[in-house]
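Trainee: Just dropping this structure here.
The values are calculated or read from the model by the stated rules, or taken from the named source; none is laboratory data. All values reported here derive from a predicted model rather than from experimental measurement. Here Cβ is always computed from backbone atoms with ideal geometry, including for glycine, and neighbour counts include all displayed protein chains.
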Amino acid sequence: MIDFPLPRLQPQAAAVYAALGLKSGSQPSPRASALLQRALELFKTCSEPLGLCAAIALDEFADVFSGQGRNAPDTPLKKIFPRADSLHLFAFTLGARIGGEIKRLFASDDFALGSLLDAVASLAADQAGRVAEEWLERQSPEQKKNALTRALLYSPGYCGWHISGQEKLFARLRPGKIGITLNESFLMNPLKSISGVLVAGPAVIHQFSEVYPFCDHCKSPTCRERGMVRSA
Amino acid sequence: MEILKKIAQCLEVGDDAGVPPLVRQALAEGIVAKTILDDGLIAGMNMIGEKFRVHEIFLPDVLLAAKAMYAGMDVLKPHLLSAGVSSRGRVVIGSVQGDLHDIGKNLVGIMLKGAGFEVIDLGNDVAAEKFVAAAKSHDACVIGMSALLTTTMPVMKEVVDLLNKESLSGKIKTIIGGAPVSQNYAGEIGADAYGYDCAQAVAGVKKLAAAVP
């Protein structure tokens, strides 16, 4: 069971400002700062964080990963997961209330507060992935021995894993139990939800130096921030 | 005129309580509604837009200004209507079919209104036929489409193809945006413009609207 305490999910003000385009080193206006405080209060009252995690065998995950056969011909994950020590399917949601509150704020012309709450919730959902990664690292027997295990979350829709892969992932994990459903485009509802596979193993298995065709169109190369790109 | 400068300044700091009394004062001074709109409200939003473009301010500041603009428009709208003043043009916007993400699209809509356009927001999960039907029925000059998924991007092409099929591509221009979308993709599908962010989207719509006969 993974615990998702709100203080661990709540993003730092600087991260929210950066997500909304504030240049590094610049100060937000006093009005924007005050609004962020309100957004953080709303985040605390409207979030209902719930997660689901289940171990999966390598060959079973190979089937989940193959999805509807629409993945890119070559992907980093295809090479990473067979070398893992353990694999866990994972889903997390902040719940429906927070999405409803964002919609209500926009509908009542409170766009600034709505956009701040949206950014806070998006960052919190991403942070839930990191909380799960750390949880899995702590479970690893290898970690206890040599502290070299690294767990990372990989999600359908990114890095060549086609978003239609959600179908098999959901069939196996059944995140409907925590209120997450898929639409016909394989989008999760509530929107502030994340899903994927947690891959745990020696840090080196996550690293790659290749550049894949889909990297050209990537606007969020988090692989760099996560230290996955091996320098030449 | 001093009062118009005050309106623009008040709007720039996002003072939504301060703008309406100033608009009322300007009307009381006999300034015509169209001048208050152009030289007060839109002038203020243009300054905000420029500061946002060069990263002097960030999104919440723009949205606070937009809220102040809306507050001013609530006062001004009846006067604009009675004077027969039309908007800069009508723009139909929506997130394409299969896509539930609408924050980016909402922000573009807010900034378009701030720039003086009339916005018909179709929401999310919008089918190609609905975009075209709405643009026709509202006599819109631009359709703005947003997609956050590579799987839903093809709907953008369906809209462009539908406009071509109905020989409307000269009258109704298209602009696209969203995380997986690019200038190259816009060119590939025959869309008229691409907006990397909401500031660029507004600049693009202004150009497109000016080009529509």
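Trainee: Of all the helices (runs of 4 or more DSSP H) wholly in segment A:25-111, which have at least 3 residues that are within 14 Å of another protein chain (Cβ to nearest Cβ)?
Mentor: Qualifying helices (runs of 4 or more DSSP H): A:30-46, A:96-107.
Trainee: Condition first: surrounded by 17 or more Cβ atoms within 10 Å (Cβ to Cβ) and outside any helix (DSSP H, G or I). Now tell me which residues in segment B:14-43 satisfy that.
Mentor: B:Gly14, B:Asp15, B:Asp16, B:Gly18, B:Ile31
Trainee: Quick one: what pairs do we get from segment A:1-27, first residue modelled with pLDDT of 90 or more, second surrounded by fewer than 14 Cβ atoms within 10 Å (Cβ to Cβ) and not in a loop (DSSP other than H, G, I, E, B), C-beta under 6 Å, 6+ apart or different chains?
Mentor: So the pair list comes out as A:Leu6/A:Lys44.
Trainee: Just to be sure before I move on: is A:Ala119 closer than 23 Å to A:Ala18 by Cα, within 12 Å of chain B (Cβ to nearest Cβ) and assigned to a helix (DSSP H, G or I) in the structure I sent? Outline the logic, then answer.
Mentor: Working: closer than 23 Å to A:Ala18 by Cα: yes; within 12 Å of chain B (Cβ to nearest Cβ): yes; assigned to a helix (DSSP H, G or I): yes.
Taking the combined requirement at face value, the residue satisfies it.
Trainee: Which pairs turn up if I take residues in segment B:143-161 that are without any contact (Cβ under 8 Å) to a residue 24 or more places away in the chain and within 14 Å of chain A (Cβ to nearest Cβ) and look for partners that are assigned to a strand (DSSP E or B) and surrounded by fewer than 20 Cβ atoms within 10 Å (Cβ to Cβ) with beta carbon separation below 7 Å, at least 6 apart in sequence or on another chain?
Mentor: From segment B:143-161, no pairs qualify.
Trainee: One residue is enough: does segment A:6-21 have a residue meeting the conditions touching a His at 6+ places or on another chain (Cβ under 8 Å) and surrounded by 13 or more Cβ atoms within 10 Å (Cβ to Cβ)? Please lay out each step first, then the result.
Mentor: Residues of segment A:6-21 that are touching a His at 6+ places or on another chain (Cβ under 8 Å), as a first pass: A:21.
Filter once more, so that each one left must be surrounded by 13 or more Cβ atoms within 10 Å (Cβ to Cβ): A:21.
Checked against the condition, which is being touching a His at 6+ places or on another chain (Cβ under 8 Å) and surrounded by 13 or more Cβ atoms within 10 Å (Cβ to Cβ), segment A:6-21 yields at least one hit.
Trainee: Among the listed residues B:Asn106, B:Asn46, identify the single one that is more than 14 Å from chain A (Cβ to nearest Cβ), within 14 Å of the chain's Cα centre (by Cα) and part of a helix (DSSP H, G or I).
Mentor: On the way: B:Asn106 fails: more than 14 Å from chain A (Cβ to nearest Cβ).
Being more than 14 Å from chain A (Cβ to nearest Cβ), within 14 Å of the chain's Cα centre (by Cα) and part of a helix (DSSP H, G or I) holds for just one of B:Asn106, B:Asn46, which is B:Asn46.
Trainee: Only one of (1) surrounded by fewer than 17 Cβ atoms within 10 Å (Cβ to Cβ); (2) within 23 Å of B:Ala203 (Cα to Cα); (3) over 16 Å from the mean Cα position of the chain (by Cα) fails for B:Leu148. Which number is that?
Mentor: (1)
Trainee: For the condition within 28 Å of A:Met228 (Cα to Cα), crowded, with 19+ Cβ neighbours inside 10 Å and at pLDDT 95 or above, what is the one hit in A:Leu117, A:Leu89?
Mentor: Every option except A:Leu89 fails the conditions.
Trainee: Of all residues in segment A:1-24 being under 30 Å from A:Gly201 (Cα atoms) and of a type in the set (A, V, I, L, M, F, W, C), which is farthest from the other protein chains (Cβ to nearest Cβ)?
Mentor: Filtering segment A:1-24 down to residues under 30 Å from A:Gly201 (Cα atoms) leaves A:1-12, A:15.
Next, from what is left, pick out any that are of a type in the set (A, V, I, L, M, F, W, C): A:1-2, A:4, A:6, A:9, A:15.
Working: A:Met1: 29, A:Ile2: 26, A:Phe4: 23, A:Leu6: 22, A:Leu9: 19, A:Ala15: 13 Å.
The residue in question is A:Met1.
Trainee: If you scan segment A:179-196, which residues turn out to be more than 18 Å from A:Leu153 (Cα to Cα) and part of a strand (DSSP E or B)?
Mentor: Result: A:Thr181, A:Leu182, A:Asn189.
Trainee: Go through segment B:184-213 and give me each residue that's over 19 Å from B:Phe52 (Cβ atoms), part of a loop (DSSP other than H, G, I, E, B) and of a type in the set (Asp, Glu).
Mentor: Across segment B:184-213, the qualifying residue is only B:Asp192.
Trainee: Any residue in segment B:87-99 that is of a type in the set (A, V, I, L, M) and out of contact with any helix residue (DSSP H, G or I) (no Cβ under 6 Å at 6 or more places or on another chain)? Quick ask: steps written out before the conclusion?
Mentor: Taking segment B:87-99 first, the residues of a type in the set (A, V, I, L, M) are B:91-93, B:96.
Cutting the leftovers down to out of contact with any helix residue (DSSP H, G or I) (no Cβ under 6 Å at 6 or more places or on another chain) gives us none.
The answer is no, given that none of the residues of segment B:87-99 is of a type in the set (A, V, I, L, M) and out of contact with any helix residue (DSSP H, G or I) (no Cβ under 6 Å at 6 or more places or on another chain).
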